[in-house]
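Below you'll find the structure, written out as structure tokens, and then a few comments.
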Amino acid sequence: MVGLGDNNNPSCQNNISSKAKDKKKNKKKKRGGSKRKMTAEQTSAFKSVTEWVYLDRHQNPNSSSTAGLSSWVVDDFGVQKSLGRGMEKMVFELHSHSKHSDGFLSPSKLVERAHGNGVKVLALTDHDTMSGITEAVEAARRFGIKIIPGVEISTIFSPRNPEMEEPVHILAYYSGCGPMRYEELDKLLANIREGRYVRAKDIVLKLNKLKLPLKWEHVTKIAGKGVAPGRLHVARAMVEAGYVENLKQAFARYLYDGGPAYSTGSEPLAEEVVQLICETGGLAVLAHPWALKNPIPIIRRLKDAGLHGMEVYRSNGRRAAYNDLADTYNLLKLGGSDYHGRDGHGESELGSVNLPVVVLHDFLKVARPIWCSAIKDILEGYAKEPSDTNLAKIARFTRMGSFKGSSPSSCGKDLIDRCLASWLTAEERQNDEFEAIRLKLSHATINLSGVQVPIETK
């Protein structure tokens, strides 16, 4: 009789080999799932998404970006195409941070890393600031990446019961021209950043009372010049000073919501921020709802205020409970890595969240009409009053010298046809409303170096 542990038995070896193969198959399934041909819905969605991603390359439906769709396959998470050098994905990264808030990388380095990870569309969503967008846009040109100007806004949910009050983060996504009424949004963000200074000082004071003599100068040095310090900057200072072993420990012991060193800032109400995002031509999305203590009443109230979507996907897949909540409140299901550049210290890699192509299509289906309307509004302002100030609004996140034509009078044409080509299709740009704007511009002049010059629009 052969014992269960007798591995010399051929049948036992076959069983072990078979189990090992099954285990390997299961691991593969967990990582990427089975590969299969796209359905008609996925094919249509993929074609639409790809055409938008490559708008600025003036590609048409028969171009290389969408040709050979039969060679693409879909797994349990995203869409992939088999290439000689590996598998290329249509990766959207919708949640990332740079040094302009609490990230470790500059916008340029962040874009470079995104390119290395196969990201095609990157939303830079720094906390309470859009100051890094221009640098990101410039860097993205070198790598053929599209930048969605974004921001993660710190807010407070304040119901009648004060015990249910908690911080809520709202992601805002804008077109390449940025927000309408930018000054209004910028003022809100500036007030939040000012409150972050007060809050960070209070956190340091509380840590000092807890016998951790952390220096304020240490925190501001880590944050960098002009950057409003956040809890992550304080945590990094605590690690460097030797008060905790790592960032996770700093938050777990002292800095978590309601923790012994926790402090609130001067955050605006969550509903008011969602409304402002909607009014300024943006998409409002609830960030990391799994961090909320009472997500249902918050989602309900924010949906009433105009919320468009919520994060559901993470690098390890979809969160079922939040997927159901998104269905209940008819919200877009999105997600991103929330990358800060901590070199693997307990965070997901940039571009690691695989959003299904149908999800990307749904996102753009809602976002594009909103962005198109906002672009139209900003262009309308320039057509009514051609000025350097209004010209700058069109290219808020682009260095003006990078796309002015050889003739000063070609600025209007360059801005509409070159800058906006990556956001609007030819059909969108040639509709009646845009043609009316072009007509106004054809009769307008702009003061360049003291000379009134007609704006070229043909």
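The values are calculated or read from the model by the stated rules, or taken from the named source; none is laboratory data. Everything quoted here is computed from the prediction, not taken from an experiment. Glycine gets a Cβ as well: all are built from the backbone with ideal geometry, and neighbour counts include every protein chain shown. Heavy atoms of the whole protein, side chains included, go into the accessibility calculation; ligands, DNA and RNA do not. Shrake-Rupley method; radii C 1.70, N 1.55, O 1.52, S 1.80 Å.
The criterion of at least 3 residues that are open to solvent by less than 20 Å² (accessible area, probe 1.4 Å) and either free of Cβ contacts under 8 Å to residues at least 40 places away in the same chain or in contact with a helix residue (DSSP H, G or I) (Cβ under 8 Å, 6 or more places away or on another chain) (or both) is met, among helices (runs of 4 or more DSSP H) falling completely within the stretch 217-321, by 231-240, 270-279, 295-305.
Annotation: of all residues in the stretch 190-211 being buried (at least 18 other Cβ atoms within 10 Å of the Cβ) and of a type in the set (A, V, I, L, M), the one that is nearest to the chain's Cα centre (by Cα) is I192.
Restricting attention to the stretch 150-163, which residues are more than 19 Å from H97 (Cα to Cα) and either assigned to a strand (DSSP E or B) or open to solvent by less than 60 Å² (accessible area, probe 1.4 Å) (or both)? The answer is I156, F157, S158, P159.
Can you pull out the residues in the stretch 330-346 that are over 11 Å from the mean Cα position of the chain (by Cα) and open to solvent by 40 Å² or more (accessible area, probe 1.4 Å)?
Going residue by residue through the stretch 330-346, those that are over 11 Å from the mean Cα position of the chain (by Cα) are 330-333, 340-346.
Of everything in the stretch 330-346, those that are over 11 Å from the mean Cα position of the chain (by Cα) and open to solvent by 40 Å² or more (accessible area, probe 1.4 Å) turn out to be N330, K333, R342, D343, G344, H345, G346.
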